[in-house]
Amino acid sequence: MSLEVGKAIEGGKPVKELHLNAYAKINLTLDVLEARSDGYHDIETVMHTIALHDSVTLREAGAGVEVIVHDGEVPNDHRNLVMRTAQLLRETFKVDRNVQIELTKRIPVAAGLGGGSADAAITLIGLAQMWKLRLDGRELLALSLKLGSDVPFFLEGGAAVARGRGERLTLLPPLPTTWVVLARPQIPVSTTWAYKQFSGSTPAGRPNTAAMITAVQREDVREAGRLVSNVFEDVIAGSHPVVGDLKARILRGETYGAGMSGTGPTVFGLMANEAAALRVADNLRALPDVDVFVTRTFAEAR
Ligand code: ATP
């Protein structure tokens, strides 16, 4: 988490502000184990945060909970996870303080990069601090899981393996800083739709999660790149061939490995160096309807 306390002036009075960064993630592996009786699936996934981030400002202002979003695609009402986070805390702990949450989106939306979940986790941590709720790790974890399966991971970020619905987390040492290219085709892929497609299919291959964990623990980026794997990739690429095309283009560069993140449609490449990342990005930018980002693996000090 990146916390910066500032003061804004409202009506001549100083207002407390927290400036936070919410970092996106990539899934180095993603496996679905089985459907659970509660309608969710048990998953097993190795995730890593990247430097691409949204900015979240929490400000003691407004009336109740107000959300301002600098991105036309994302709602500013109860559908926004940061609004739900603030409401959950206010209801659970009977807080009646006002908060204005200003969100600047840079993480592409519904892209498999966990943007909404990252925003929610950082808002949860920030509001708990602003409202002096003194929550311990277990309480934060329980609250975060109410907001979404990926939210617990973002409380810590860095590298981790998540199991169960996403709440059983084992932290891993972060990878040495590695250049990452992201290619996001402008096609909508909802997580619900992706799970439906997956349920009717037999994945050709499954990730070797144990080997990926060992590679990450050994800080072996080359081996981690070789082991990148996601059970959703074939199903999504079946309906959206652009996913396979983007991966093939990335793999033609100097890369350790490439694959789809989350339930897609973003494809990422772990690149050998900055020049390789920039070259591949230029090549991808020549394609229509694809957003391209160059970033790095990133972890805050634990
Ligand atoms: P995941 O990898 O967890 O499936 P994602 O990156 O695919 O997430 P998000 O960017 O989190 O998807 O957005 C998914 C949906 O959530 C969108 O329909 C969006 O309108 C809604 N949403 C709610 N809150 C937010 C938020 N703070 N930022 C982005 N999307 C949000």
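The values are calculated or read from the model by the stated rules, or taken from the named source; none is laboratory data. The structure displayed is predicted, hence computed values, not measured ones. Please note: Cβ atoms are built from the backbone with ideal geometry, for glycine as well, and neighbour counts cover all protein chains shown. Quick note on the areas: whole protein, heavy atoms, side chains included, nothing else; ligands and nucleic acids left out. Shrake-Rupley method; radii C 1.70, N 1.55, O 1.52, S 1.80 Å.
Below are the figures for this structure:
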{"read-out": "Qualifying residue in segment 249-257 (condition: within 23 Å of the chain's Cα centre (by Cα), over 18 Å from residue 24 (Cβ atoms) and at pLDDT below 95)", "value": "no"}
{"read-out": "Residue count, segment 90-116 (criterion: free of Cβ contacts under 8 Å to residues at least 60 places away in the same chain and open to solvent by 10 Å² or more (accessible area, probe 1.4 Å))", "value": "16"}
{"read-out": "Any hit, segment 179-192, residues being touching an Asp or Glu at 6+ places or on another chain (Cβ under 7 Å), of a type in the set (S, T, N, Q) and outside any helix (DSSP H, G or I)", "value": "yes"}
{"read-out": "Among the candidates 260, 212, residue that is open to solvent by less than 40 Å² (accessible area, probe 1.4 Å), touching a residue at least 24 places away in the same chain (Cβ under 8 Å) and touching a Leu at 6+ places or on another chain (Cβ under 7 Å)", "value": "212"}
{"read-out": "Per-region count, segment 136-174, residues under 26 Å from residue 269 (Cβ atoms) and open to solvent by less than 10 Å² (accessible area, probe 1.4 Å)", "value": "9"}
{"read-out": "Qualifying positions in segment 61-83 - surrounded by 19 or more Cβ atoms within 10 Å (Cβ to Cβ) and within 11 Å of the ligand (Cβ to nearest atom)", "value": "67, 69, 74, 80, 81, 82, 83"}
{"read-out": "Residues of segment 86-108 that turn out to be within 12 Å of the ligand (Cβ to nearest atom), among the β-branched types (Val, Ile, Thr) and either more than 24 Å from the chain's Cα centre (by Cα) or farther than 16 Å from residue 59 by Cα (or both), as a count", "value": "1"}
{"read-out": "Extreme residue, farthest from residue 241 (Cα to Cα), among residues of segment 288-302 that are touching a Lys or Arg at 6+ places or on another chain (Cβ under 8 Å) and of a type in the set (A, V, I, L, M, F, W, C)", "value": "293"}
{"read-out": "Matching residues in segment 165-178 - criterion: being modelled with pLDDT of 95 or more and in a strand (DSSP E or B)", "value": "169, 170, 171, 172"}
{"read-out": "Inter-residue pairs, beta-carbon under 8 Å, first without any contact (Cβ under 8 Å) to a residue 40 or more places away in the chain and within 23 Å of residue 123 (Cβ to Cβ) and in segment 19-44, second more than 12 Å from the ligand (Cβ to nearest atom) and of a type in the set (Ser, Thr, Tyr), 6+ apart", "value": "19/2; 19/57"}
{"read-out": "Hey, residue 56 in a strand (DSSP E or B), under 16 Å from residue 130 (Cβ atoms) and β-branched (Val, Ile, Thr) or not", "value": "yes"}
{"read-out": "When residues of segment 146-164 are limited to those that are modelled with pLDDT of 95 or more and more than 14 Å from the chain's Cα centre (by Cα), the one farthest from the ligand (Cβ to nearest atom)", "value": "163"}
{"read-out": "Long-range neighbours under 9 Å by Cβ, at least six apart or interchain, first residue in the same structural domain as residue 179 (by TED's automatic domain parsing) within segment 273-291, second assigned to a loop (DSSP other than H, G, I, E, B) and among the hydroxyl-bearing types (Ser, Thr, Tyr)", "value": "291/266"}
{"read-out": "Count of residues meeting criterion [crowded, with 20+ Cβ neighbours inside 10 Å and either away from the ligand (no atom under 13 Å from the Cβ) or of a type in the set (Gly, Ala, Ser) (or both)] in segment 49-60", "value": "2"}
{"read-out": "Residue tally, condition within 6 Å of the ligand (Cβ to nearest atom) and in a helix (DSSP H, G or I), over segment 109-128", "value": "4"}
